[in-house]
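Structure first, then comments.
The values are calculated or read from the model by the stated rules, or taken from the named source; none is laboratory data. Source: prediction; values computed, not measured. Every residue, glycine among them, receives a Cβ derived from its backbone with ideal geometry; neighbour counts consider all protein chains shown.
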């Protein structure tokens, strides 16, 4: 493998105010040395002008997270089962002007007795300077480093701090293990913090690093109350730290649990389990702490004043020789077992139950998280680095690596969770204090490709929810699944794209796993969910392979009449079902699906393709008699549809994701659903009509996710006739839909256009205007954006089937990362041969193909972890 360029491809560094070129060069070399010593992968560097919005979620799958900001602070403490953007536990203060949450600081003393103390953070966001009482940012008044930059390759984040007036440079690093195919090791409720401190002088200095975290158990930032919480200092088997518990919080509440803050460092360790008593409304506790720490870097104990939310602090004091560099490592863990059902205003308000957290079944409390993980931490870190390096060192375009890897962060936020049974569920997105749109909404989650190709068993549990709980005996799948799971069908409403997309996802999960037991267990309900299309008044009641009628979909409206978005989902579901039925020997059903597919595909090409793209043929239902009641339920009430002339249709518009079903079909190897030339032309038309070079020239009447001089693909364009009231989002920009079109372009060889669209997305999430780890739609960390992983598949032209034990790649020379949800590695292609490496897991292959070169019969060749085989075609 080639060497990773630790400094990033742009070789950029923070802007510093210097008096001479010599000083600038010395700072640059210092940062380079720190980067090399950290040995963490770097894909992208953000200079000081592009760090203020960065908030990288650190935590395991389904556990919640704490975010490392671009300036080095720990914010957004979202660990108690609910989102809590902006929550920096400061329970004894009032108002944002007094934001003084968890922090780390460094004490420095040189040989001449000069003492300095700094917050281990870079400059605060100027956008928070103004407020009715002054600045509002966290710890706004404390001294800090003057220069900061951020380097990252998720899940690794590093903040580089320097200051010409200080004798040290510091790298603040944070990560959490992330290993494809290994769900438990990627689901650890922990933040690993690493502070690399380098003495930049020619003399010995003394340093002390101190961290403070409040015991806020019982309050999640919005709900609950901290009461009679207790901090205890513990030393067990070389682990030194503070264990946070409570004597007063209700053990059945969602906010009940434990936290731990541990030091893994040598040196003089001092601590406080409480701060000074607050004797008046003028809070002097922080002054006392700062004075104490700044005196000698040693913490004097304070009497516990029986505060409900006591502060806990630890400091590690040591010396650094001239030019010496040391790592200081801390761990923060948590354990909150009482997750409850979906809890958004207006949703599931009459069903309350505790569904639990799967991750908490693995540990007794937060201290147990530390003791179980620590012996394996180095191994977990190395495997995480192996995964990230394998991806970012591959010859996949940089913007694709960035979009796929950084959107992977969504999987680890409060967006998604595993209930005690192990089932994986998720919101559509996250608002600041509650989830956005509950129920693992099928018409959103059917876009994302990240879970299936990195954690296949998790994806299978989502299909188990859909077919084991959410689908009724008539084949109607509730496109939002209630909790507990025995209530999953309560929603009782069907979505055409969600239901068809779930069939394609089921086919994908079977192909990637090769699990025939999984297939046979759920196939009867999968089959019924397809047959639901054919009920009287259904989406294809006349069984001609074309979707008609009332088609609820991800635009949150009903389309009436044939359209490409639903049509291609349906064609993909038919083709997938035909493949499954044939495999199982159900020849008649397979034949039915194939006939409908052929009829529907031909009809769409003849009647919906207008020479440039596919459009909708609006067919008003006229009366409710020809629409199934289960589909009309969502069109009644205050938003009742005019059945003679329905609003909110696509009509003759160019829909940005009209080929989502086709894109998915290519991902799972089902081939073309329509004429190849029509598919290619449609993608060219999307680029022609939907692409806006500068959004300042575009009129948008809804939410704005792109503005000013930013470039984007808009949801729909109307080169001709436009309905008076099109579907509500038609003027918007949303990244998941942009990725759909862009990845389709990559699949069809329109590489320049595809990369341009993806590059535009990532330029909008540049750290200055938006966080690179938070592509939003209806809420933060929106699930649909995780479709970005399909860009990796399209670039490598990667296809894998555990059913027929085949694997395929592009024949273009290069090294490509691959993952099938259970194993992963790299494939180097050169001169008609491939060097296939399995870095984790194992493969059994009957055939291996390079596109346009040929196929090699491998006869059931088994390839084990850490093994590389040469395949000559």
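Taking segment 762-813 as the search range and keeping residues that are without any contact (Cβ under 8 Å) to a residue 60 or more places away in the chain and part of a helix (DSSP H, G or I), which one is surrounded by the most Cβ atoms within 10 Å (Cβ to Cβ)?
764
Could you check residue 219 against (1) under 27 Å from the mean Cα position of the chain (by Cα); (2) surrounded by 23 or more Cβ atoms within 10 Å (Cβ to Cβ) and say which number it fails?
(2)
Mind checking which residues of segment 182-201 are in a loop (DSSP other than H, G, I, E, B) and either touching a helix residue (DSSP H, G or I) at 6+ places or on another chain (Cβ under 7 Å) or at pLDDT below 95 (or both)?
Looking only at segment 182-201, we keep the residues that are in a loop (DSSP other than H, G, I, E, B), and these are 182-183, 187-189, 200-201.
Matches in segment 182-201: 183, 187, 188, 189, 200.
One line per residue, one yes/no per condition, for (1) at negative phi; (2) modelled with pLDDT of 95 or more; (3) touching a strand residue (DSSP E or B) at 6+ places or on another chain (Cβ under 6 Å):
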| site | (1), (2), (3) |
| --- | --- |
| 130 | yes, no, no |
| 135 | yes, no, no |
| 139 | no, no, yes |
| 149 | yes, yes, yes |
| 159 | yes, yes, yes |
| 165 | yes, yes, no |
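Taking segment 842-873, which residues are free of Cβ contacts under 8 Å to residues at least 40 places away in the same chain, on the phi > 0 side of the Ramachandran plot and assigned to a strand (DSSP E or B)?
Within segment 842-873, 854, 859 qualify.
When you go through 744, 749, 674, 736 one by one, which is the residue that is assigned by TED's automatic domain parsing to the domain that holds residue 553, under 29 Å from residue 793 (Cβ atoms) and surrounded by fewer than 17 Cβ atoms within 10 Å (Cβ to Cβ)?
Result: 749 is the single residue among 744, 749, 674, 736 that is assigned by TED's automatic domain parsing to the domain that holds residue 553, under 29 Å from residue 793 (Cβ atoms) and surrounded by fewer than 17 Cβ atoms within 10 Å (Cβ to Cβ).
Would you point out the residue of segment 324-342, among those that are assigned to a loop (DSSP other than H, G, I, E, B) and touching a strand residue (DSSP E or B) at 6+ places or on another chain (Cβ under 6 Å), that is surrounded by the fewest Cβ atoms within 10 Å (Cβ to Cβ)?
Step by step, filter segment 324-342, then rank; the result is 324.
So which residues in segment 814-824 are outside any loop (DSSP other than H, G, I, E, B) and either at positive phi or surrounded by fewer than 20 Cβ atoms within 10 Å (Cβ to Cβ) (or both)?
Keep residues of segment 814-824 that are outside any loop (DSSP other than H, G, I, E, B), which gives 814-819, 824.
Listed by number, the residues that qualify are 814, 815.
Residue by residue through segment 592-641, note down the ones that are surrounded by fewer than 19 Cβ atoms within 10 Å (Cβ to Cβ), assigned to a helix (DSSP H, G or I) and modelled with pLDDT of 95 or more.
If the condition is that a residue be surrounded by fewer than 19 Cβ atoms within 10 Å (Cβ to Cβ), assigned to a helix (DSSP H, G or I) and modelled with pLDDT of 95 or more, then 594, 595, 598, 599, 602, 603, 605, 606, 607 are the ones that fit.
Going by the structure shown, is residue 839 touching a helix residue (DSSP H, G or I) at 6+ places or on another chain (Cβ under 9 Å) and either outside the structural domain of residue 669 (by TED's automatic domain parsing) or part of a strand (DSSP E or B) (or both)?
Yes.
Can you pull out every residue in segment 390-428 that is within 17 Å of residue 488 (Cα to Cα) and surrounded by fewer than 21 Cβ atoms within 10 Å (Cβ to Cβ)?
Once the filter is applied, which keeps residues that are within 17 Å of residue 488 (Cα to Cα) and surrounded by fewer than 21 Cβ atoms within 10 Å (Cβ to Cβ), segment 390-428 yields 420, 421, 422.
Please go through (1) farther than 20 Å from residue 652 by Cβ; (2) assigned to a loop (DSSP other than H, G, I, E, B); (3) under 35 Å from the mean Cα position of the chain (by Cα) for residue 547 and return the number of the only condition it doesn't satisfy.
Answer for residue 547: the failing condition is (1).
Could you check segment 100-138 and list, in sequence order, the residues that are surrounded by 20 or more Cβ atoms within 10 Å (Cβ to Cβ) and assigned to a loop (DSSP other than H, G, I, E, B)?
Listed by number, the residues that qualify are 100, 101, 102, 120, 121, 122, 124, 137, 138.
Pick from segment 666-692 the residues that are in a helix (DSSP H, G or I) and over 19 Å from residue 608 (Cβ atoms): which of them is farthest from the chain's Cα centre (by Cα)?
Going through the qualifying residues, I end up with 687.
Which is part of a loop (DSSP other than H, G, I, E, B) and over 30 Å from residue 322 (Cβ atoms), of 213, 179?
Sole residue among the options that is part of a loop (DSSP other than H, G, I, E, B) and over 30 Å from residue 322 (Cβ atoms): 179.
Table: residues versus (1) outside the structural domain of residue 190 (by TED's automatic domain parsing); (2) touching a residue at least 60 places away in the same chain (Cβ under 8 Å); (3) within 20 Å of residue 738 (Cα to Cα).
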site: 429; (1), (2), (3): yes, yes, yes
site: 435; (1), (2), (3): yes, yes, no
site: 445; (1), (2), (3): yes, yes, yes
site: 452; (1), (2), (3): yes, yes, no
site: 465; (1), (2), (3): yes, no, no
site: 470; (1), (2), (3): yes, no, no
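Would you check which residues across segment 561-615 are touching a strand residue (DSSP E or B) at 6+ places or on another chain (Cβ under 7 Å) and closer than 19 Å to residue 717 by Cα and list them?
Pass one, segment 561-615, residues touching a strand residue (DSSP E or B) at 6+ places or on another chain (Cβ under 7 Å): 564-566, 604, 608, 613.
The answer is 564, 565, 566, 608, 613.
Residues checked against (1) assigned to a loop (DSSP other than H, G, I, E, B); (2) at pLDDT 95 or above; (3) closer than 18 Å to residue 244 by Cβ:
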position	(1), (2), (3)
292	no, yes, no
298	yes, yes, no
306	yes, no, yes
309	yes, no, yes
318	no, yes, no
322	yes, yes, no
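For segment 429-446, which residues satisfy the criterion of being buried (at least 24 other Cβ atoms within 10 Å of the Cβ) and either assigned to a helix (DSSP H, G or I) or out of contact with any strand residue (DSSP E or B) (no Cβ under 9 Å at 6 or more places or on another chain) (or both)?
Across segment 429-446, the qualifying residues are 442, 443, 444, 445, 446.
Determine which single condition residue 327 fails, assuming it passes every other condition in (1) within 19 Å of residue 151 (Cα to Cα); (2) outside the structural domain of residue 106 (by TED's automatic domain parsing).
Failing condition for residue 327: (2).
Can you tell me which residues in segment 139-151 are closer than 22 Å to residue 771 by Cβ and in a loop (DSSP other than H, G, I, E, B)?
Selection gives 139, 140, 145.
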